[in-house]
Structures are given as C-alpha cells and as structure tokens.
1. Take the conditions closer than 22 Å to residue 144 by Cα and not assigned by TED's automatic domain parsing to the domain that holds residue 194 and apply them to residue 24. Does it pass?
2. Look through segment 82-99, keep the residues that are surrounded by 16 or more Cβ atoms within 10 Å (Cβ to Cβ) and closer than 11 Å to residue 67 by Cα, and return whichever of them is modelled with the lowest pLDDT.
3. Here are some residues: 133, 121. Which one is surrounded by 12 or more Cβ atoms within 10 Å (Cβ to Cβ) and over 22 Å from residue 27 (Cβ atoms)?
4. Provide a single number: the residues in segment 128-146 that are assigned to a strand (DSSP E or B), of a type outside the set (A, V, I, L, M) and within 17 Å of residue 158 (Cα to Cα).
5. Exactly one condition in (1) out of contact with any Pro (no Cβ under 9 Å at 6 or more places or on another chain); (2) at pLDDT 85 or above; (3) not in a strand (DSSP E or B) is false for residue 124; which is it?
6. Could you check segment 189-201 and list, in sequence order, the residues that are part of a strand (DSSP E or B) and within 17 Å of residue 23 (Cβ to Cβ)?
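The values are calculated or read from the model by the stated rules, or taken from the named source; none is laboratory data. This is a predicted model, so every value here is computed, not measured. For neighbour counting, all protein chains shown are included, and Cβ atoms are generated from backbone atoms with ideal geometry for every residue, glycine included.
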Amino acid sequence: MRKIIIGVLMLTAVSVTAGDLKVTWQPNTEPDLAGYFVYYGTKARPQANRIGVGRQTQYLIQNLPAGETYYLSVTAVDKAGNESVSSELIAVRVLTDQEKRGGLPPQHFLLQSHPNPFHISPNQTTTISFALSEPSLVKLEIFNLLGQRVITLVDRNLPSGAQKFSWNGRDHRGAPVPTGVYLYRLETDRQVSTRKLVVYD
C-alpha cells in the first residue's frame with residue numbers, strides 16, 4: 001500500500017493552562033484516513049511519546065512538567081495502517097502556575113494579511129502584520145498546502161510592538177508562486193500561529 005500524502009498538516013500549539021498543551025492541526029483529506037498520531041517529548045528527535053487521537057484535529061496533552069519546552073509533531077495513518085511522514089516539528093514552552101496566575105498574555109497576535117486575495121504583479125505585495133508582547137526570536141514563513149516551505153520572510157530577534165513585513169508572491173528562488181491557497185506561519189519563543197492567504201494571477 002502507498003504512504004499517505006499529507007495535503008495540509010500545519011500545527012499550532014499553545015500552553016492553555018499550567019502543565020497543559022493544546023495542539024491543533026489542519027485535516028488530512030485522504031479518503032481512507034483512519035486518524036492521527038501526536039508525538040511529543042523534551043527532545044527534538046526522537047520524541048518519547050506517541051498518542052493515537054482518532055480523527056479529531058486537536059488534542060490536549062495534560063500533566064506536563066511546567067516550565068519545560070516540548071517538541072511536537074503529528075502524522076496521519078490510513079485504514080491499512082500506513083503512516084505518513086511527520087509534520088514539521090514545533091517547540092512550545094509549558095506555562096508554570098505562577099505564569100498562569102499572573103495572566104501571562106499571548107506572546108504575539110497574528111493578523112490577516114492585506115490585501116487578501118493577493119494578485120501577483122510587479123508592483124504589488126501583500127502585508128503581514130503582527131504584534132509582539134515582548135522581545136522574541138521570530139520566524140515568519142510561507143508554506144504551500146503540501147506543507148512545503150516556500151520562503152522565509154523573517155528569522156531574527158525582534159523587539160516588542162507592532163511589526164509589518166511584505167511578500168511579493170515569489171519563492172526563495174525569486175520565481176512567482178502558482179495560483180492557490182498558502183499559509184503564513186509565525187513562530188516566536190513560546191507560541192506558533194498560522195493563517196491563510198490566497199494568491200491569484
């Protein structure tokens with residue numbers, strides 16, 4: 001049997017309560033999908049824990065050591081037992097009781113890009129805006145619906161406050177991307193967020 005080809009499997013994870021991580025992802029569109037496995041651990045590879053979560057596209061991992069950073073990924077499995085390649089690995093820090101009682105705010109707020117849909121032309125760009133509640137190492141990337149990285153727009157430390165970056169609809173080689181739906185992903189020290197944008201020619 002063939003392996004599953006993942007259409008969309010972009011992860012978002014956030015520490016919702018002290019000791020807990022909520023993981024969400026976009027659904028796999030394979031017609032014979034049986035479910036998903038969530039992998040997590042304190043080391044990037046290999047991850048120590050694997051949980052089968054059925055066909056749901058979110059899962060709450062509970063009773064984790066507060067203050068630890070966990071690495072997470074997800075795979076899909078079909079009814080014949082074939083497991084897909086892993087999603088991209090993400091890292092999230094688990095909140096402590098003190099941080100939760102103190103009402104620790106989200107580290108960033110990612111806004112919808114503008115314009116969206118976005119027309120590729122020599123003089124047009126789409127703007128991606130976000131705000132940081134504190135200084136952080138920031139990575140802002142564009143992905144296609146196969147989960148393939150198209151381009152990295154930002155990969156550096158940024159101060160707190162409002163930030164804006166533009167994308168001209170080209171990949172890392174400078175070639176225009178095909179018409180379609182893309183995902184832009186913002187990763188900071190303790191939070192990951194993803195939104196969609198549409199490109200047309």
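1. Details: closer than 22 Å to residue 144 by Cα: yes; not assigned by TED's automatic domain parsing to the domain that holds residue 194: yes.
Considered against the rule, which asks whether it is closer than 22 Å to residue 144 by Cα and not assigned by TED's automatic domain parsing to the domain that holds residue 194, residue 24 comes out as yes.
2. 99
3. Criteria check complete, one pass: 133.
4. Our first condition is that a residue be assigned to a strand (DSSP E or B); within segment 128-146, this holds for 128-132, 136-143.
So of that shortlist, the ones also of a type outside the set (A, V, I, L, M) come out as 129-130, 136, 139, 141, 143.
Filter again for within 17 Å of residue 158 (Cα to Cα), leaving 129-130, 136, 139, 141.
Looking only at that region, the number is 5.
5. It is condition (1) that residue 124 fails.
6. 191, 192, 193, 194, listed by residue number.
For every residue, the table says whether it meets (1) acidic (Asp, Glu); (2) without any contact (Cβ under 8 Å) to a residue 60 or more places away in the chain; (3) under 30 Å from residue 168 (Cβ atoms).
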residue	(1), (2), (3)
44	no, yes, no
49	no, yes, no
56	no, yes, no
73	no, no, no
91	no, yes, yes
97	yes, no, no
134	yes, yes, yes
137	no, yes, yes
